[in-house]
Amino acid sequence: MSTLDFNTELAAAGANVKSRWGAVRFFVRRYPLGAAGGVIISILLFAAAFAPYITTYDPLSTNAAASLARPSVQHWLGCDFMGRDLFSRIVYGARISLIVAVSSVSLGSFIGVTIGLLGGYLGGWFDLITQRLLEMMQSLPLLVMAIIMAAALSSALKSIVLTCRSPDRVRAAPFSSPLC
């Protein structure tokens, strides 16, 4: 007959954590890859939020003298063929990527939850028609849909958000759309 040491089992499950820092230490020990991903995402969020204070160069200004410059103290990641600082362009580009990601997921979630609630509440013919329309949309290839929507809409940020809005499609094929 074996006996269980409940205190050891509770400690392994993280039940004896008493402070917020203890919970962070437990998470880092238990899920090291998740903690590393959280640090990377936190750095990107910090850089995007404080982009004007982190970068010293304008991401759009050109400098022919710095064309294709190597990484140095002035340009941490070097310059492109037009002399634009690559670090500044990456940091400011993170802002646009975050705006597109957050707004696409928010819009897709709002539309999906609304249609799902209406289908569940009304039921009957509305639910049946909704299901069939969504099944038809899911049967179309994502890349073709993205190209059609991008061609029909302008190339503005709002159009990109509308093209990328479906979280169901992003989960099914995460790297198939050139816009998302």
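Just so you know, all these numbers are worked out from the coordinates, no wet-lab data involved. Computed from a predicted structure; not experimentally measured. Every residue, glycine as well, gets a Cβ built from its backbone with ideal geometry; the counts of neighbours run over all protein chains shown.
In whole Hz, what ³J(HN,Hα) sequence does region 21-26 give by Karplus (6.51, -1.76, 1.60; θ = phi - 60°), x for Gly and Pro?
Computed from phi, the couplings for region 21-26 are 5, x, 5, 5, 4, 4 Hz.
Over all directions, how big on average is the projection of the convex hull of the alpha-carbon atoms in region 24-125, in square nanometres? Don't jump to the answer; show the numbers that get you there.
Details: hull surface 46.2 nm².
Computing the convex hull of the Cα atoms and averaging its projections yields 11.6 nm².
Can you list which of the trypsin sites (Lys or Arg not before Pro) found in region 5-107 are DSSP loop residues with at most 12 other C-beta atoms within 10 Å? Walk me through the intermediate numbers first.
Working: sites: K18, R20, R25, R29, R30, R84, R89, R95; in loops: K18, R84.
Qualifying residues, ordered by number: K18.
Whole-Hz Karplus ³J(HN,Hα) for region 83-97, in order, using 6.51 cos²θ - 1.76 cosθ + 1.60 and θ = phi - 60°, x for Gly and Pro?
Here the 3J(HN,Hα) series is x, 8, 5, 6, 4, 5, 5, 5, 5, 6, x, 5, 4, 5, 4 Hz.
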